Every structure is written in C-alpha cells, then in structure tokens.
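Comments concern the structure below.
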Amino acid sequence: MAITDREMEKSRRQEKIFRTAARVLCNLGYEKASLRDIAEATHMTKAGLYYYFKSKEDLLYQLLDGYMDELIRGIREIHERLEDPHEFLKEAIRFQVGMYHRDSIRSKLIIHDENCLSGAYYRKLKDKQREYISYWRNGLERLCLNESIKLDFLSVYVNFLVGICNWIYQWYNARGDVKPDDLAERIYDFFLYGINGNRVTD
C-alpha cells in the first residue's frame, strides 16, 4: 500500500518533534525536563504532544528504542558480512563511533537516562541492549579463538571495549583534529596492541 502525502507529512512532523524533544531532554535532563518545556520548544500545546506519545516516559522509550534498533541493524549487518574477526572489530568500532558522531544526543540519553524507564519499557530496552552486546561478544570470542587468547575474561573485554566507544561523548569533539574514522582506528589499535601500538606483522 502506497504511503499517502498525509502519512508522509505526519512522519516528517513526528521526526522533527522527536529531534527537538530529544535535545530538550538531553540539555535539561530527563528528571528536570517537563512536557511544558518540550511543548514550548516544539511550538505545540501539551495536548498536541499526546498525539505522538502517551507520556514523557513513553517519549524517552521511543527515542531510545529507535536508537537501539539502528544499533542492532548496523552491528548485525557487520556481523553477517565480515567473517574475519579483526575486520569485524574494526568495522564495529567504526560504526559505534560513527553513531555517536551522527546522533550524539540519543547516544548521551541512553547512557544517562535509560534507568529512568520502568516496567515493560525498561525490560524491552534491556533486551535490545543484550542483543546488541551479543554481536560484540561473538565477534570478540572469534578473535580470541583466532589469536589463542583465553576466554576467561571475555566479558571484561566486551564491556571494556564497548565502554570505551560509548563514553567518548565525555570528551570527543568531531570538529577537532581527530576525525571519527581516525579515532575508531586508534581505539582498535589501543585495544589490541596497547598504547605503544606495536602490531605484530608477518
């Protein structure tokens, strides 16, 4: 069934509202931001906002749920496309850094405000986060087996690496001298070879 002009306009309007609402939540913090703040920023009434989401918590969930869907689609595609564990790791890091570069607001929200969700919202988001992490875990497990590295600390490796990628928002400025792809390469080198960057070459 073809999408009507009205449906396309609604989708564009919703996307604009959600972008603005995400910025308000990020700037003020979920707890401090009110629907009145969001209504003023979007030039809408509070009643008008309820057409797009049921509550402030529902808004946060939709923002973070959509973000997780994008992360899962991206990492799944990389996982299915690249069999070599080194190539997977390089591309996965590049993808994660790129997501922050393209969508820094939701990247920050999911770090700071995911615990503001409750009940089914929280459980559904955590399920998607576990699915996302599973691709990293599988890729790192393959790398460890390939390099004869013991798997005793696999969970440490996974959380350490994903944590490095997630927390770049605290300090990284993509408009600076280090571009996203360069940063991703540095993270890859540091994770595998340490600060000296002494790669083992044939």
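A compact table of results
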| quantity | calculated |
| --- | --- |
| Within the range 19-34, considering residues that are among the hydrophobic types (A, V, I, L, M, F, W, C) and touching a residue at least 60 places away in the same chain (Cβ under 8 Å), the one surrounded by the fewest Cβ atoms within 10 Å (Cβ to Cβ) | Cys26 |
| Identity of the residue in the range 1-48, of a type in the set (Asp, Glu) and at pLDDT below 90, that ends up farthest from Cys116 (Cα to Cα) | Asp5 |
| Candidate set from the range 138-162 (those that are of a type outside the set (S, T, N, Q) and surrounded by fewer than 11 Cβ atoms within 10 Å (Cβ to Cβ)); member that is farthest from Lys90 (Cα to Cα) | Asp152 |
| Residue tally, condition surrounded by fewer than 20 Cβ atoms within 10 Å (Cβ to Cβ) and closer than 20 Å to Gly163 by Cβ, over the range 55-70 | 1 |
| Tally, over the range 45-55, of residues that are touching a residue at least 24 places away in the same chain (Cβ under 8 Å) and more than 12 Å from Val24 (Cβ to Cβ) | 1 |
| Index of the failed condition, Lys179 passing every other in (1) of a type in the set (Lys, Arg); (2) surrounded by 15 or more Cβ atoms within 10 Å (Cβ to Cβ); (3) closer than 17 Å to Asp103 by Cα | (2) |
| Selected residue (only one of Asp113, Asp152, Asp181, Asp177 is more than 19 Å from Gly74 (Cα to Cα) and in contact with a Gly (Cβ under 9 Å, 6 or more places away or on another chain)) | Asp113 |
| Condition met for Val97 (touching a residue at least 60 places away in the same chain (Cβ under 8 Å), assigned to a helix (DSSP H, G or I) and of a type in the set (Val, Ile, Thr)) | yes |
| Leu89 over 24 Å from Pro180 (Cβ atoms), buried (at least 17 other Cβ atoms within 10 Å of the Cβ) and either touching a residue at least 40 places away in the same chain (Cβ under 8 Å) or of a type outside the set (Ser, Thr, Tyr) (or both) | no |
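Quick grid of which residues meet (1) charged (D, E, K, R); (2) more than 15 Å from Met99 (Cα to Cα); (3) at pLDDT 95 or above:
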{"site": "Lys128", "(1), (2), (3)": "yes, yes, yes"}
{"site": "Tyr135", "(1), (2), (3)": "no, yes, yes"}
{"site": "Gly139", "(1), (2), (3)": "no, yes, yes"}
{"site": "Ile149", "(1), (2), (3)": "no, yes, no"}
{"site": "Asn166", "(1), (2), (3)": "no, no, no"}
{"site": "Trp171", "(1), (2), (3)": "no, yes, no"}
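The values are calculated or read from the model by the stated rules, or taken from the named source; none is laboratory data. The structure displayed is predicted, hence computed values, not measured ones. Positions of Cβ are backbone-derived with ideal geometry, glycine not excepted, and every protein chain shown enters the neighbour counts.
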